[in-house]
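Some notes on the structure that comes next.
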Amino acid sequence: MRILYSLPATGSGHITRCNELLNDLKKIGKVDIFLSGQNSFLLKKLPFKPKILSKGLSLFYSDSGSIDYNKIIFQRNFIRLFKEIKNLPVENYDLIINDFEGLTTFSCLLKKIPFIQFGHQASFNFKNIPIPEGNYQLSKLLIKTIANGTFSIGIHFKNYDKGIFYPIIKKSILNAKKKRRNFTLVYLPQYTNLKLKNIFKNLRPYKFKIFSSSINSIYEDSNLMWYPPSVDNFNRMLIDSACVVTGGGFETPAEALYLKKKIISIPIKNHFEQISNSMCLKDLGVTVLDDLDDLKFLNFDYLMQSSNKVHYEYKDQKLKMVEKIHSLSKSL
């Protein structure tokens, strides 16, 4: 069986899922990987070799921390994009597993090729996922369109529906010796460094280790230690941290939940998926804020001085996912 596994290089979560599943999928058939996206940091240190590469489509944010739809829409030439969709050889594969990669979705729909939509975004094709109220039409449409599929296998913080499984946690986190040192890990890519600096300096004497894609080297500034992107450094800091301040994404909160860290989630504004994720996290006891400006010394100090209110029991369901993929492949 020839298998095409498609994923975007927009975040390390997609890459982690692919890498953790690869050996199991190779027992089913020959696997080719299609990777799209322009995240140069992630592309430099891939744990696997893609068969096909594309610039794809990437997300952009405004200075206020919300999605910039104009930059997303006009980042690529539409004629070239359509040619890529048309030329993607999805018809040459017996099984297509698509982890929210847009070109693969459109190519399969165009050529009427059945495929499995797999991953966190695929969970929105099921019921019982918390849906935020408000005007999220563009963000919701973006997810519903790209996460389209003949069949869906969802991944979320817990089993919200029969077709939704627990997260795939990388081995380095699963096997880690849980530690709790005197610092907080910060990853909020939707905010500028100046904004992060102004907020977290006001939380002294607490110490913060901040990861930012706009710096090239490690440096210290008062109670803040700044780090350029590094998967290894980030994993180590995540394991050792006392608390994690992050957005409303999926992989980092999922790993922090597994490690039983204190967590503050600040979802990207107008981002349907992240706000929904934060609603789920809030139900699990996680502190959720609407904006970084809401993070004050008194509420941060209370969180750090009190016991962890997060209640989470992880289930490793990776093998069940592979069995589900194999089962669905027979129906395609």
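Things to note:
- With both labels modelled 7 Å from their Cα along Cα-to-Cβ, the Gln137 to Arg204 distance reads 4.8 nm.
- Long-range HN-HN contacts of Cys243 with modeled amide H, under 5 Å: Phe183, Leu185
- Per-residue ³J(HN,Hα) for the stretch 215-221, Karplus 6.51 cos²θ - 1.76 cosθ + 1.60, θ = phi - 60°, Hz, x for Gly and Pro: 10, 10, 8, 6, 8, 10, 9
- Two-site FRET efficiency, Lys162 against Lys86, from Cβ-Cβ distance with R₀ of 30 Å, rounded to 0.05: 0.25
- Within the stretch 241-332, the GluC sites (Glu not before Pro) that combine a DSSP coil assignment with at most 14 other C-beta atoms in a 10 angstrom radius are Glu313.
- Cα-Cα over 29 Å, subset of Lys83/Lys140; Lys26/Lys179; Lys144/Lys330; Lys171/Lys269: Lys26/Lys179; Lys171/Lys269
- Our analysis of the chain gives Rg over Rh at 0.96, with the two radii drawn from alpha carbon positions and Rh computed by the Kirkwood formula.
- Put a plus charge on the Cβ of each Lys and Arg, a minus charge on the Cβ of each Asp and Glu, and nothing anywhere else: the dipole of the chain about its Cα centre is then about 800 debye.
- Set of aspartates and glutamates with alpha-carbon distance to Lys261 below 18 Å, sequence-local pairs under 8 removed: Asp240, Glu251, Asp283, Asp301, Glu313
- One quarter of the surface of the convex hull around the alpha-carbon atoms of the stretch 171-305 equals 7.8 nm², the direction-averaged projected area.
- Proximity of backbone amide H atoms, modeled 1.01 Å from N, is registered between Lys207 and Thr184 at under 5 Å, excluding neighbours fewer than 5 places apart on the same chain.
- Taken along its three principal axes, the alpha carbon spread of the stretch 90-152 comes to 42, 21, 14 Å, from the longest extent down to the shortest.
- Derived scalar couplings between HN and Hα for the stretch 11-21 equal x, 6, x, 4, 5, 4, 4, 4, 5, 6, 8 Hz in order, rounded to whole Hz, by the Karplus curve 6.51 cos²θ - 1.76 cosθ + 1.60 (θ = phi - 60°), x for Gly and Pro.
- Footprinting exposure proxy ranking of Cys18, Cys280, fewest other C-beta atoms within 10 angstrom first, gives Cys280, Cys18.
- For Ile155, the residues whose modelled amide H falls within less than 5 Å of its own, excluding neighbours fewer than 5 places apart on the same chain, are Gly119, His120, Ala122, Ser123, Phe165.
- Think of each Lys and Arg Cβ as +1 and each Asp and Glu Cβ as -1; about the Cα centre, that makes the dipole of the stretch 230-332 roughly 420 debye.
Throughout, read-outs are computed from the coordinates displayed, never taken from laboratory work. Fair warning: this is a prediction, and the values are worked out from it, not measured in the lab. Cβ: placed from backbone, ideal geometry, glycine included. Neighbour counts: every protein chain shown.
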